[in-house]
1. For segment 100-125, which positions are acidic (Asp, Glu) and touching a Gly at 6+ places or on another chain (Cβ under 9 Å)?
2. Pairs needed: first member in segment 127-141, outside the structural domain of Gln197 (by TED's automatic domain parsing); second member anywhere, of a type in the set (Phe, Trp, Tyr) and surrounded by 11 or more Cβ atoms within 10 Å (Cβ to Cβ); C-beta distance under 9 Å; at least 6 residues apart or different chains.
3. Look through segment 7-62, keep the residues that are among the polar types (S, T, N, Q) and not in a helix (DSSP H, G or I), and return whichever of them is nearest to Gly170 (Cα to Cα).
4. Let me confirm something: among Ala136, Ala181, which residue is of a type in the set (Gly, Ala, Ser) and surrounded by 10 or more Cβ atoms within 10 Å (Cβ to Cβ)?
5. Within segment 42-54, is even one residue at pLDDT below 95, over 28 Å from Phe211 (Cα atoms) and aromatic (Phe, Trp, Tyr)?
6. Go through segment 185-218 and give me each residue that's in contact with a strand residue (DSSP E or B) (Cβ under 7 Å, 6 or more places away or on another chain) and either acidic (Asp, Glu) or under 18 Å from Glu142 (Cβ atoms) (or both).
7. Does Lys106 satisfy being among the basic types (Lys, Arg), over 30 Å from Cys40 (Cβ atoms) and surrounded by fewer than 14 Cβ atoms within 10 Å (Cβ to Cβ)?
8. Which ranges mark the helices (runs of 4 or more DSSP H) fully within segment 129-218 that have 1 or more residues being closer than 30 Å to Glu3 by Cβ and touching a Phe, Trp or Tyr at 6+ places or on another chain (Cβ under 6 Å)?
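The values are calculated or read from the model by the stated rules, or taken from the named source; none is laboratory data. If you're wondering where the values come from, they're calculated on a predicted model, not measured in any experiment. Every residue, glycine among them, receives a Cβ derived from its backbone with ideal geometry; neighbour counts consider all protein chains shown.
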Amino acid sequence: MEEKEFRDKYYNQLDKHTIEELPDFINGMMDESHGYGSICCSVAASAVAAAWAANKHGNAGITGFQAGAVMWEFIRQWNYRSNKTGMKITDYDNMLYAQYEHKFQKTISKSTFESLQKEANRLLMEDNKVASQYVADIAEYEKLLAVFVEKYPDYHDRPKHYERLGCGTGDEWEAFDKKKASGFEFAPQKPYYHAGQLEHWQSIADGVPPFGFIIAED
């Protein structure tokens with residue numbers, strides 16, 4: 001099933017079901033013949049349908065303002081649990097209306113910047129430990145890579161063939177998953193170290209907002 005087909009079939013039904021009806025509705029969506037994209041739509045639709053069903057419960061009936069809080073709770077718990085400094089959503093439709101110019105200024109609130117400073121200081125304090133671990137990790141990586149290259153001598157000629165996919169299109173992820181399922185042996189992954197971030201973190205810790213932002217009052 002393609003994404004558009006899924007959306008056309010199910011998205012107008014998401015607010016129609018009670019908690020009792022929800023399992024059958026979700027199972028019906030999940031049992032479709034999904035592709036890489038439509039399964040994402042199905043998982044998202046299940047979550048939205050569950051929120052609507054919960055709001056039909058006698059203890060719910062939330063306001064529009066509360067619905068915004070529900071959205072942020074979901075976003076944080078689903079994809080941003082590690083976020084420590086805050087988030088925002090930009091609605092570019094607002095660019096169509098002159099009165100919303102203030103929404104697109106490069107400003108950061110004082111409280112958010114203070115959170116950034118706190119996190120920058122924490123990262124700087126942890127850096128010595130991380131740097132030492134990186135030296136050990138890179139040494140181990142080089143040993144593993146040498147063994148891998150002995151086994152696959154064409155690695156340096158086509159490294160991407162042996163590397164795991166970090167980001168890509170739906171087709172690229174589908175090909176990667178098939179490759180992984182086949183038992184393909186990937187090259188060792190090089191450890192990451194954030195050395196290039198130290199100066200950036202120090203600047204934030206010293207009170208300089210990054211990327212040309214200015215501090216606005218909360």
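1. Scanning segment 100-125 gives no hits.
2. Matching pairs, first to second residue: none at all.
3. Only one residue tops the list, namely Ser33.
4. Unique residue meeting the criteria: Ala136.
5. No: segment 42-54 contains no residue that is at pLDDT below 95, over 28 Å from Phe211 (Cα atoms) and aromatic (Phe, Trp, Tyr).
6. Passing the criteria: only Asp218.
7. yes
8. Once the helices (runs of 4 or more DSSP H) in segment 129-218 are filtered for at least 1 residues that are closer than 30 Å to Glu3 by Cβ and touching a Phe, Trp or Tyr at 6+ places or on another chain (Cβ under 6 Å), what remains is 170-181.
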